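Only one structure is covered here, and it is reproduced in the block below.
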Amino acid sequence: MSAPTPIRQFLLLFFLSGVSRLEPKSMENTFPEATARYKEQMHSRNKRDDTYKIEDDEKVWDLFTTENFTWIDSVFTNRDPSYYNYTGYNSFEPIRNELYRLADKYEYVTVEVYGKTHEGRELLALHINKEDKDEIVFLNSLIHAREWVVGCVTMNIIHRILEYDTEDAKLLLNNFHFIIIPVVNPDGYEYTHFKNRMWRKNREPTLEPGCYGVDVNRNFLYGFKPFVVGSGDSENGPCSETYHGTKPLMTKESIGLNLMLFKNRHNMRYYIDYHTFGNYWTNAYGAHGWAPKNEKQLGRYRENVEKSFMDSLGVKWKTGGVFNVIYECHGILVDHVHYYITPIAFTVEVGNSHDEFTAPDNRIDTFVISQWLALVSQLKLLHSDIKSGQYMQDRIKNWRRTSMEKRTVLFKREEKRQSYIQSLYKRTLKLIDNNAG
Ligand SMILES: [Zn+2]
């Protein structure tokens, strides 16, 4: 390859620091074409079929970067806090400053600080409520640090609502109160920009020295499955990527977000948690395969969104329950929100399995526009359901008027049950310690 310029050298090193942690199979998944070409080269050079070794990862990466320097150059992310780049990737500081800038600019936009992370960063929610509406639409992204493109999606939704003077933007602005949290997990997100591009969890210390982070999207109350201390369950232990934590709502991020959700639950009408990747539009449940009570209502919203993606991308999106469409997972946000907060709740997986977590930035626009169109068509449906009384009818049928209070009681009961489980763990641990002593 040609001699790398200092900037390219830096970018290469930065990316290798994250990518070298991948297993060889991941490299094949992430860069299938480059891997295939590398194998071809290897074969013609040696006139034999060498097996692919882990050391070859770096060579595939070299090949990929040589062939795609424009990609490498253009994926350079903005870390300058003085401006936000709406067509590229940005680290946390530019996002934070952009939210404050918008709150300064528009009198109906406010920033709410709903907590602080382990490393002291602000947990920020942006409110947009031009017409003093009660109907809340709640959107959040980047609970998983490495899923960069969904931060672009939520930031661009904000941008389009506020700064695009279109009929769609006006409809949204005039009829809803938006609460948008672009970065649920700022510590993890910063870590992906400066240390390891593939980091997923938050960055708090765990009970295992040297292992950091809880998967915040496994730490919510509904269907929570604790890691059992002393069980030797290393697959779910503190060093694993999907560490649930020892108890629900134990991270600064999940506590803060849960408070935001609870505070606004009476008026919440619609909810999305954005993730990468898979082209899936899913709803509760992930913890089991049962259909939600309002399955019929959710079905109408899923049909609406399937049509939107077919129109905008010509792609059929997979829709349905997380358990059935993706996999079984416990303590996830969408289960929690659906069960305790509001019936129409989705978790959306943006992007394809070729890009995985590292979509090139010339693809950001495609994601942003198709997600914007999908959200607009969802909220048009919601708006007409609210106006016609259909929304209230569905709510009474599936989610009785009193159920909000009942759900709070259920929440308290589950919290109590979980703390009882905690006390059992502690007693068992003590017994183990005493026996060992
Ligand atoms: Zn995710």
Problem - Residue within segment 382-395 that is of a type in the set (G, A, S), surrounded by 11 or more Cβ atoms within 10 Å (Cβ to Cβ) and closer than 30 Å to R146 by Cα present - result: no
Fill in the blank from the handout: So the helices (runs of 4 or more DSSP H) completely within segment 139-223 holding 1 or more residues that are within 23 Å of K116 (Cα to Cα), in contact (Cβ under 8 Å) with a residue 24 or more places away in the chain and away from the ligand (no atom under 16 Å from the Cβ) are 148-163, 186-194
Problem - Meets criteria (assigned to a helix (DSSP H, G or I) and either farther than 19 Å from I272 by Cα or in contact with a Leu (Cβ under 8 Å, 6 or more places away or on another chain) (or both)) for R413 - result: yes
Problem - Failed item in (1) surrounded by 20 or more Cβ atoms within 10 Å (Cβ to Cβ); (2) under 26 Å from K416 (Cα atoms), with G237 passing the rest - result: (1)
Fill in the blank from the handout: For segment 292-325, the count of residues that are under 22 Å from the mean Cα position of the chain (by Cα), among the small types (G, A, S) and closer than 19 Å to V337 by Cβ equals 2
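Would you confirm whether or not segment 358-369 contains a residue that is within 16 Å of the ligand (Cβ to nearest atom), within 30 Å of T246 (Cβ to Cβ) and either in contact (Cβ under 8 Å) with a residue 12 or more places away in the chain or crowded, with 16+ Cβ neighbours inside 10 Å (or both)?
Scanning segment 358-369 turns up no residue that is within 16 Å of the ligand (Cβ to nearest atom), within 30 Å of T246 (Cβ to Cβ) and either in contact (Cβ under 8 Å) with a residue 12 or more places away in the chain or crowded, with 16+ Cβ neighbours inside 10 Å (or both).
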Exercise for the section: Give the residue that is farthest from the ligand (Cβ to nearest atom), with candidates limited to residues of segment 273-282 that are of a type in the set (F, W, Y) and surrounded by fewer than 24 Cβ atoms within 10 Å (Cβ to Cβ). Expected result: Y280
Practice task
Specify the residue that is surrounded by the fewest Cβ atoms within 10 Å (Cβ to Cβ); the eligible residues are those in segment 99-114 that are part of a strand (DSSP E or B) and under 23 Å from the mean Cα position of the chain (by Cα).
Solution key: V113
Problem - Sole residue being away from the ligand (no atom under 16 Å from the Cβ), outside any loop (DSSP other than H, G, I, E, B) and under 24 Å from I181 (Cβ atoms), chosen from Y270, Y285 - result: Y270
Completion exercise
Checked pairs for segment 104-119, first in the same structural domain as P186 (by TED's automatic domain parsing), second of a type in the set (K, R), C-beta under 7 Å and 6 or more apart or across chains, list as Y108/K130; G115/K252; K116/K252; T117/K252; H118/R203; H118/K252; E119/R203
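If a residue has to be within 16 Å of the ligand (Cβ to nearest atom) and surrounded by fewer than 18 Cβ atoms within 10 Å (Cβ to Cβ) to count, how many in segment 288-324 make the cut? Let's see the steps before the verdict.
Let us first name the residues in segment 288-324 that are within 16 Å of the ligand (Cβ to nearest atom), namely 318, 322-323.
Next, only the ones that are surrounded by fewer than 18 Cβ atoms within 10 Å (Cβ to Cβ) stay: 318.
Within segment 288-324, residues that are within 16 Å of the ligand (Cβ to nearest atom) and surrounded by fewer than 18 Cβ atoms within 10 Å (Cβ to Cβ) number 1.
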Exercise for the section: Out of the residues in segment 406-427 that are over 16 Å from G331 (Cβ atoms) and of a type in the set (D, E, K, R), state the one that is surrounded by the most Cβ atoms within 10 Å (Cβ to Cβ). Expected result: R407
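The values are calculated or read from the model by the stated rules, or taken from the named source; none is laboratory data. Everything quoted here is computed from the prediction, not taken from an experiment. Counting neighbours? That spans all protein chains shown, and the Cβs are built from the backbone with ideal geometry, glycine included.
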